[in-house]
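The values are calculated or read from the model by the stated rules, or taken from the named source; none is laboratory data. The structure presented is a predicted model; accordingly, all values stated were derived computationally and were not measured. Here the Cβ positions follow ideal geometry from the backbone for every residue, glycine too, while neighbour counts run over all protein chains shown. With ligands, DNA and RNA removed, areas are computed over all heavy atoms of the protein, side chains included. Shrake-Rupley method; radii C 1.70, N 1.55, O 1.52, S 1.80 Å.
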Amino acid sequence: MALSPTAAQRRVIAAADPVTGRLKGTEAQLAALVRRGLAFRHPRPPHDHFLTPAGHRAREAADAPEGPKPPEPAEVPAADGVFAARVGGEEAAPGDAGPARLREVRGAWQGLLELRRMTHPDGNTDRPCAWERSHLVRAAALALEAAGHRPAGPDGADGYRVRATPQPEAVAVYEGDGGALRECAATLARAGWQTGEHTEPRTRARFLLASPRKV
C-alpha cells in the first residue's frame, strides 16, 4: 500500500510529465517515492523514474479542489492541465478541430507509445500499459481521436462516445453509425484493445465493450 507523500514529494509528483509520468528530482526524492509505491525505476538505461498508477492517483487527488463537491460523471476525464483526449459529448474548446489540436493529439499518442515502450519489460508498444489500465476512458478516447475518429458533440450525435462501465478494465464505446462503430473497433484492436459488439436491452443501441489486451 502506498504511503501518503510528503509536501516535497507532492511537488515532485506535481511536476511529472502529464502524459508519460516521467519524474525529475534528486536521487533521494525519487528513491523515497519508489519506497512509497508512487514511482518505479525503469530497468533499462537511462533508468528514469515514472509514476505508478498509485502515483498518478496521488497527483490527480492533489489537483482536485478542496472541500465537498458533487461527484463528477465517471466517464468524463479531468484534464491534467496540459492535454485530455475528447471522450465525446463534451463542449469542444475553441480550436479543438484545428491543426493545433491535431498536433496535440498526435504528440500525446506518440508519448503514450513511448510510455508503453519504456514500461513493458520487452519494450513492446502493441499493448496498453499500466497508465492506460488506470485511465481506461481517457486511454481509449486518445486511441480513437489520434486515429482521426470524430468525437460526438454536446448533443451526443455524429461521433464516438467513450463511457465507463461497472465492469473492471472495460469501457463502452458508442457510435450512432454502424459502419463507424466497426471502424472504432478496428482502431482499438490496432491500439491493443480487445472489443466485442453488444446491444443495450432497453434502447437497442449497439456499442462496443473494449478492454486493454494483456498479451
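All conditions but one from (1) surrounded by 21 or more Cβ atoms within 10 Å (Cβ to Cβ); (2) not in a strand (DSSP E or B) apply to D158; the one that does not is (1). Listed by position, the helices (runs of 4 or more DSSP H) enclosed by the stretch 96-148 that each have at least 2 residues that are open to solvent by 20 Å² or more (accessible area, probe 1.4 Å), over 24 Å from H47 (Cβ atoms) and of a type in the set (A, V, I, L, M, F, W, C) are 99-119, 136-146. Restricting the search to the stretch 165-178, which residues are closer than 15 Å to L144 by Cβ and either open to solvent by 10 Å² or more (accessible area, probe 1.4 Å) or in a loop (DSSP other than H, G, I, E, B) (or both)? Selection gives Y174, E175, G176, D177. Note on the stretch 192-215: among residues that are part of a loop (DSSP other than H, G, I, E, B) and open to solvent by 80 Å² or more (accessible area, probe 1.4 Å), the one that is farthest from R127 (Cα to Cα) is R202.
Would you call A85 part of a loop (DSSP other than H, G, I, E, B), modelled with pLDDT of 85 or more, at negative phi and crowded, with 19+ Cβ neighbours inside 10 Å? Judged against the criteria, A85 is a match.
The numbered conditions (1) more than 30 Å from L181 (Cβ to Cβ); (2) at pLDDT below 80 are all true for D96 except (1).
Checking each residue in the stretch 24-50 for being of a type in the set (A, V, I, L, M, F, W, C), open to solvent by 10 Å² or more (accessible area, probe 1.4 Å) and not in a helix (DSSP H, G or I) picks out only F40. Restricting attention to the stretch 124-151, the residues that are of a type in the set (G, A, S) and without any contact (Cβ under 8 Å) to a residue 40 or more places away in the chain add up to 1. Among the residues of the stretch 1-19, those that are within 30 Å of R106 (Cα to Cα) and either at pLDDT 85 or above or surrounded by fewer than 19 Cβ atoms within 10 Å (Cβ to Cβ) (or both) comprise R10, R11, V12, I13, A14, A15, A16, D17, P18.
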